[in-house]
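A.B. asks: For reference, the structure I am asking about is given below.
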Amino acid sequence: MKKKLVVFSGAGISAESGLRTFRDSDGLWEEYNVMDVATPEAWQKDMALVLEFYNKRRVQILEANPNPAHHAVKLLEEKYDVTVITQNIDDLHERAGSSHVVHLHGNIRFARSTNPSDADRLYPIKGNHLNPGDKCPEGFQLRPHVVWFGEEVPLLPVAQKIVERADYLIISGTSLTVYPAANLIYAANYKCKKYLVDPGSIHVTDIENLSFIKEKASLGLPKLAEMLLKEEVING
Ligand code: APR
């Protein structure tokens, strides 16, 4: 049986595809105030501004392509039972071919209804814009399928179970500053082999079996994948 490998990714894994991260010096939260575009309050106050913010993201995501980091994650499926848990709302893991992707913070290619009794159904967005007046069949305004600050993360318990069972955990491209997502890494078993691939200085405490690879994802992940693919051949 294949060993279970979980990749926990954040904005940095898509940085080299041309998509800006949130908290680096050129990050999105330098240009925008998160409270104005990524909260339920922002939606109530100025729906058009929120939709426009995500329309811009969607256009950029559709123009972007997976980079060697996404491809390396896919390659690991040759020998491992891989699940990607991503905080990203882009679909670059899927476009690189990854088979199992859990989008903790949603997926920008989809909309949801603002009808509270239909909050879970996903509506694929045709084209790259979601506009004021775009409604579900019951006549409720559609909103981006994105988890905003202050909202629950519905897939957290699912992700937690997946991490608990992992034999390997690769963390890449996340500042590990946004909760509850960042807590996921603590769900891993002490025996699970953990790797953190990031060019920045990430502060992680009390994690056993962790190797820090201080490199950009497009370099660090292909190298790590090559090493892990060999390791599994030797051990398996
Ligand atoms: N390769 C790998 N990592 C990189 C690269 C790169 N080329 N470039 C930058 N990084 C790293 C940074 O060092 C940083 O640790 O990516 C991380 C980006 O951190 P954030 O901008 O905080 O992104 P993320 O952790 O994904 O944010 C979490 O916050 O704004 C919300 O909902 C949004 O899902 C997002 C969440």
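The values are calculated or read from the model by the stated rules, or taken from the named source; none is laboratory data. These numbers come from a predicted model, not from an experiment. So basically every Cβ, Gly included, is an ideal-geometry build from the backbone, and we count neighbours across all protein chains shown. Keep in mind that these areas ignore ligands, DNA and RNA; they rest on the heavy atoms of the full protein, side chains included. Shrake-Rupley method; radii C 1.70, N 1.55, O 1.52, S 1.80 Å.
A.B. asks: Six or more apart or on different chains, Cβ under 8 Å: which pairs go from a residue in segment 7-31 that's at positive phi to one that's open to solvent by 20 Å² or more (accessible area, probe 1.4 Å) and more than 10 Å from the ligand (Cβ to nearest atom)? Could you list them?
C.D. replies: Here the result reads G18/Q60; G18/E63, each pair linking segment 7-31 to a residue that is open to solvent by 20 Å² or more (accessible area, probe 1.4 Å) and more than 10 Å from the ligand (Cβ to nearest atom).
A.B. asks: Are any residues in segment 177-231 at positive phi and either at pLDDT 95 or above or of a type outside the set (D, E, K, R) (or both), and if so, which ones? Give the derivation first.
C.D. replies: Of all residues in segment 177-231, those at positive phi come to 206, 209.
Result: N209, single match.
A.B. asks: Another question about this same structure. Give all pairs with beta carbons closer than 6 Å in which a residue from segment 156-179 that is within 10 Å of the ligand (Cβ to nearest atom) meets a residue that is open to solvent by 70 Å² or more (accessible area, probe 1.4 Å) and not in a helix (DSSP H, G or I); count only pairs at least 6 apart in sequence or on separate chains.
C.D. replies: S175/R23
A.B. asks: I've got another one for you. For segment 18-41, which residues satisfy the criterion of being open to solvent by less than 60 Å² (accessible area, probe 1.4 Å) and either of a type in the set (S, T, Y) or away from the ligand (no atom under 13 Å from the Cβ) (or both)?
C.D. replies: Within segment 18-41, T21, Y32, T39, P40 qualify.
A.B. asks: Among the residues of segment 167-174, is there at least one that is under 20 Å from D81 (Cα atoms), buried (at least 18 other Cβ atoms within 10 Å of the Cβ) and in contact with a Cys (Cβ under 8 Å, 6 or more places away or on another chain)? Before you say what the answer is, go through the steps one by one.
C.D. replies: Here is the first cut: in segment 167-174, the residues under 20 Å from D81 (Cα atoms) are 167-172.
Those left that are additionally buried (at least 18 other Cβ atoms within 10 Å of the Cβ): 168-172.
Filter once more, so that each one left must be in contact with a Cys (Cβ under 8 Å, 6 or more places away or on another chain): 168-169.
Yes.
A.B. asks: Out of the residues in segment 84-128 meeting the condition of being farther than 30 Å from P68 by Cβ and part of a loop (DSSP other than H, G, I, E, B), tell me which one is most open to solvent (accessible area, probe 1.4 Å). If you could, list the steps in order and put the result at the bottom.
C.D. replies: So in segment 84-128, the residues farther than 30 Å from P68 by Cβ come out as 111-121, 123, 126.
In the following step, the residues that additionally are part of a loop (DSSP other than H, G, I, E, B) were identified as 114-115, 119-121, 126.
On the way: T114: 51, N115: 20, A119: 36, D120: 140, R121: 113, K126: 182 Å².
Residue satisfying both the conditions and the ranking: K126.
A.B. asks: Does segment 213-223 include one or more residues that are more than 28 Å from N55 (Cα to Cα) and open to solvent by less than 20 Å² (accessible area, probe 1.4 Å)? Break it down stepwise before answering.
C.D. replies: Narrowing segment 213-223 to residues more than 28 Å from N55 (Cα to Cα): 213-215, 219-223.
Narrowing the set further to residues that are open to solvent by less than 20 Å² (accessible area, probe 1.4 Å) leaves 220-221.
So far as segment 213-223 goes, yes, one or more of its residues are more than 28 Å from N55 (Cα to Cα) and open to solvent by less than 20 Å² (accessible area, probe 1.4 Å).
A.B. asks: Here are the criteria: (1) of a type in the set (G, A, S); (2) within 10 Å of the ligand (Cβ to nearest atom); (3) over 17 Å from the mean Cα position of the chain (by Cα). Tell me which single one A48 does not satisfy.
C.D. replies: Condition (2) is where A48 drops out.
A.B. asks: Being touching a residue at least 12 places away in the same chain (Cβ under 8 Å) and either more than 24 Å from G127 (Cα to Cα) or small (G, A, S) (or both) is the filter here, so list the residues in segment 40-54 that pass it. Lay out the reasoning, then the answer.
C.D. replies: The initial filter retains those residues of segment 40-54 that are touching a residue at least 12 places away in the same chain (Cβ under 8 Å), namely 40-43, 47-51, 53-54.
Of everything in segment 40-54, those that are touching a residue at least 12 places away in the same chain (Cβ under 8 Å) and either more than 24 Å from G127 (Cα to Cα) or small (G, A, S) (or both) turn out to be P40, E41, A42, A48.
A.B. asks: Looking at this structure, is L196 over 23 Å from A38 (Cα atoms) and either hydroxyl-bearing (S, T, Y) or open to solvent by less than 50 Å² (accessible area, probe 1.4 Å) (or both)?
C.D. replies: Yes: the conditions hold for L196.
A.B. asks: Also, I was wondering about something else. Please tell me if I185 is within 15 Å of G10 (Cβ to Cβ) and crowded, with 20+ Cβ neighbours inside 10 Å. Talk me through it step by step, then tell me what you get.
C.D. replies: Details: within 15 Å of G10 (Cβ to Cβ): yes; crowded, with 20+ Cβ neighbours inside 10 Å: yes.
When the stated conditions are applied, I185 passes them.
A.B. asks: E215: among the acidic types (D, E), more than 10 Å from the ligand (Cβ to nearest atom) and not in a helix (DSSP H, G or I), yes or no?
C.D. replies: Details: among the acidic types (D, E): yes; more than 10 Å from the ligand (Cβ to nearest atom): no; not in a helix (DSSP H, G or I): yes.
Against the criterion (among the acidic types (D, E), more than 10 Å from the ligand (Cβ to nearest atom) and not in a helix (DSSP H, G or I)), E215 does not qualify.
A.B. asks: For E208, which of the numbered conditions (1) away from the ligand (no atom under 16 Å from the Cβ); (2) within 19 Å of the chain's Cα centre (by Cα); (3) open to solvent by 40 Å² or more (accessible area, probe 1.4 Å) fails to hold?
C.D. replies: (2)
A.B. asks: Report yes if some residue within segment 52-64 is open to solvent by 30 Å² or more (accessible area, probe 1.4 Å), more than 23 Å from T177 (Cβ to Cβ), touching a helix residue (DSSP H, G or I) at 6+ places or on another chain (Cβ under 9 Å) and at pLDDT 95 or above; otherwise report no.
C.D. replies: Yes, because at least one residue in segment 52-64 is open to solvent by 30 Å² or more (accessible area, probe 1.4 Å), more than 23 Å from T177 (Cβ to Cβ), touching a helix residue (DSSP H, G or I) at 6+ places or on another chain (Cβ under 9 Å) and at pLDDT 95 or above.
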